[in-house]
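The values are calculated or read from the model by the stated rules, or taken from the named source; none is laboratory data. As the structure is a computational prediction, the values presented were derived from the model and not from experiment. Don't worry about glycine lacking a Cβ; one is built from the backbone with ideal geometry, like all the others, and counts go over all protein chains shown. Remember, those area values only see protein heavy atoms, side chains included, never the ligands or the DNA or RNA. Shrake-Rupley method; radii C 1.70, N 1.55, O 1.52, S 1.80 Å.
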Amino acid sequence: MSRTKQEVRDFLQSQVGQKVNAKCGIYNGQCVSLIKALLEFLGVPDPYKGRGNATDVGDTLLAEGIAQNGAGWLTVVINHDMGRIYENGQWNNYGHIWLDLKDEANFEQNGAKALYTTKNTRPISQGQQFVNLD
């Protein structure tokens, strides 16, 4: 991680109540846009590149060598069963993704409040896949 823990805390706290982020275009306010904003903050190359729906992001971050498998201090948490939407006559499963700071706080966008970032609204216990950006 190219930032200190305090810098990460401060950045995530600054996103609470905000619709993150305009650089995501049509995905502005979706759960993945908070992850993309964090990747940019951390200095990850090409943070806005397409990495799939929320259900795909963890595997993509692992494949690209950006994240490590399992929970850490800064964990990207994925639930593959959330984000199920009926559209065009069929069910599509986009998943849901959020961030957890171990034993401190969690941050999600487009979960507890549509299109906005909230704090401590999605516990890690609801996750199914964990990759860390430590």
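Below are the figures for this structure:
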item: Selected residue (criterion: farthest from N106 (Cα to Cα)) from residues of segment 14-31 that are β-branched (V, I, T) and either at pLDDT below 90 or open to solvent by less than 20 Å² (accessible area, probe 1.4 Å) (or both); result: I26
item: Selection count where residues are part of a loop (DSSP other than H, G, I, E, B) and surrounded by fewer than 19 Cβ atoms within 10 Å (Cβ to Cβ), scope segment 48-70; result: 8
item: Test: residue in segment 104-118 that is out of contact with any strand residue (DSSP E or B) (no Cβ under 8 Å at 6 or more places or on another chain), open to solvent by 10 Å² or more (accessible area, probe 1.4 Å), acidic (D, E) and without any contact (Cβ under 8 Å) to a residue 24 or more places away in the chain; result: no
item: Which listed residue is in a loop (DSSP other than H, G, I, E, B), over 15 Å from Q128 (Cα atoms) and of a type in the set (V, I, T), from V8, V32, V20; result: V20
item: Per-region count, segment 119-134, residues open to solvent by less than 60 Å² (accessible area, probe 1.4 Å) and charged (D, E, K, R); result: 1
item: Single residue of G58, G25 found to be out of contact with any Lys or Arg (no Cβ under 6 Å at 6 or more places or on another chain) and in contact (Cβ under 8 Å) with a residue 60 or more places away in the chain; result: G58
item: Residue within segment 84-93 that is under 19 Å from R3 (Cβ atoms) and either out of contact with any helix residue (DSSP H, G or I) (no Cβ under 8 Å at 6 or more places or on another chain) or open to solvent by 20 Å² or more (accessible area, probe 1.4 Å) (or both) present; result: no
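The rows are residues; the columns are (1) at pLDDT 95 or above; (2) more than 13 Å from the chain's Cα centre (by Cα); (3) aliphatic (A, V, I, L, M).
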| position | (1), (2), (3) |
| --- | --- |
| P47 | no, no, no |
| E64 | yes, yes, no |
| V76 | yes, no, yes |
| M82 | no, yes, yes |
